[in-house]
Structures are given as C-alpha cells and as structure tokens.
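See below for the structure under consideration.
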Amino acid sequence: MSSSSVPARPPFSALPLDTSGPPGNAWGLYRADDQLGALNMLTPEVVAASAAMQQSVDGFRHFGYQKAKRFYNNTPAESLTGDHLGINIWLDKGGIVGRGVLLDYASLCKRHALSIDPFSSTCIPMSHIHQMVEEQKLTLRTGDILLIRVGFTAAYDKLDINAQIALAQRPSPGFLGVGPSTAVLQWIWESGFAAVAGDAPSFEQAPVRGHWRSNTLQDHVKDGGMVHQVLLGGWSVPIGELFDLEKLSATCSRLQRRSFFISSMPLNVPGGVASPPDAVAIF
C-alpha cells in the first residue's frame, strides 16, 4: 500500500468506527479484508525514509531466554525501493521495518532526580511523556515505532540469580509502564504509531487487569480495562516487550539522536513461547 492509498486517520473523538465492536476500535479504517491494521502506515515511502538510519543492538536475554544473535542485511539503503520494501513482503519474511523513536524514561528520571522503580506497579505520568518528547527534541511521524526505556534491563542485570528467580515468581507481577488512561491512548492514536515496545515485561503498568467491561473507551479505562486490548484488539498496533534497550540508549545519548532504523522479526523456533514464538527485535 502506498502512502497515497492509506486512508486519513479520523480524530480520536470519532472512535469507535464500528459501533458493533469493542470500545475505541478502529475497525474498518482500512480495506474490508485488511490483515495489517496499524502496519498499513509502514508504506514503502515510510520505510525507505528510515532505511538510511541503520544501527544495531542486541536482542533481549531476560527471564530465562538466551541472548539472541544479531543478523544483518547489508543491502544498500538506496536500493531498497518499490516492491523490495512492500509491507506484505516484509511480513512474509516475518518482520516489521520502519523508523524507531526512543523515549528514555530512565534517563529522564536520572537527569531530574526523579524516583523510579522498574519493579513496582507504577505508571509513567503523561506529563513525563510530553517532557521526554520536548527535551529530546523529537518530531514524531506517522508510522513511527515507539520504544520506551524504563531501565528494566539494567536493574534486572544487577540482581543475583536468586533475586531474578524471586522477581519472576512474585505473586503479583508489578512493573513500571505507561498508564491505563484515555490520555495515553489518545496520544498513541494521534501520534500515529505503527507499533510500540518497551524493555519491561509489560508495555503498560503491570499487573494489567480487566477486559472489555464497558461500552465506551473512557469507562473501559476507568473500570480498569487494559491499554493492551485497545492497541491489539481495537487498533491492531503490535506490542513488543522485554526489548534490551541499554546499548541503544547509550548510542542515542552519544549521538544526541533519538530516532533510528528498526527491524523486528520472529525467530520461528519450534517449541518457543510468546506470539510469535521466541520473538526478538533486531535493530
């Protein structure tokens, strides 16, 4: 799908598009037989514009997963045009490709002496999200892939093996993440993100609770409904978790840049876990 054929996104206030569907849904925004959802925004033009921004970091290695190897495609950026960047082709190969942007919440908290605990059930205030965008001088573009670093990897790696096991076995899995609020959903929608990801076990504040409970998006969130469900079930926005963003954060700080080329693909390991099995991000 070319950029000219991607329909204009309606205002957040116009959701839901399908009144027979769940709160806040965008069902029917694309063609009737659509299978891509928000990934439709990753047009050949969008991907081509990000292809020259290549840098790479390691995949995740937490909660018993082995550290992933890195794979590179050295095809010159200038040759990646037309059908070579078609989204259907990338999906056939099992990947999502585009421009990534990093909101480094751990770094923001360190700079401003703010309290932060990646292992607690707390949310990132919406005011801090806007502050990161402003301080990092980020210009968000439709089709961007959002990454949020809360410092989970660094904190987890400081634990000894017994503490790591105890963390994974807690009766209530509390983790820092974006808050389950209408404001967060509106910002994600209006920013036009094609996918979102973070370095914690849950992109949103955990434990996540609640399912589709109400007829309106506002009541769904107020009643404890999940951002997770709106993104996946309502908008088809993929969510990534447990991304190792430490080296990416260091590189972005060194270069004074918070945008980059990103390619995320599944390993398709037989017997693996997650959806898709043993998913891993390769930047």
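Read the figures in this text as sums done on the coordinates, not as results from a lab. Every value quoted in this text rests on a predicted model; they were computed, and no experiment measured them. Methodologically, a virtual Cβ is constructed for each residue, glycine included, from the backbone with ideal geometry; neighbour enumeration extends over all protein chains shown.
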Task: Calculated FRET efficiency for the pair Ala154/Ser127, C-beta based, R₀ 22 Å, to 0.05 - done: 0.40
- [ ] Express in nm, to one decimal, how much length is gained between Lys110 and Ser191 on full extension, taking 0.36 nm for each residue of separation and deducting their alpha carbon distance.
- [x] 26.6 nm
Task: Spin-label pair Ala49/Lys247, simplified geometry with 7 Å Cα→Cβ offset, distance in nm - done: 2.9
Task: Segments 178-188, 26-36 sorted - mean Cβ within 10 Å per residue, highest first - done: 178-188, 26-36
Task: Förster radius 25 Å - calculated FRET efficiency between Phe12 and Asp117 (Cβ-Cβ, nearest 0.05) - done: 0.20
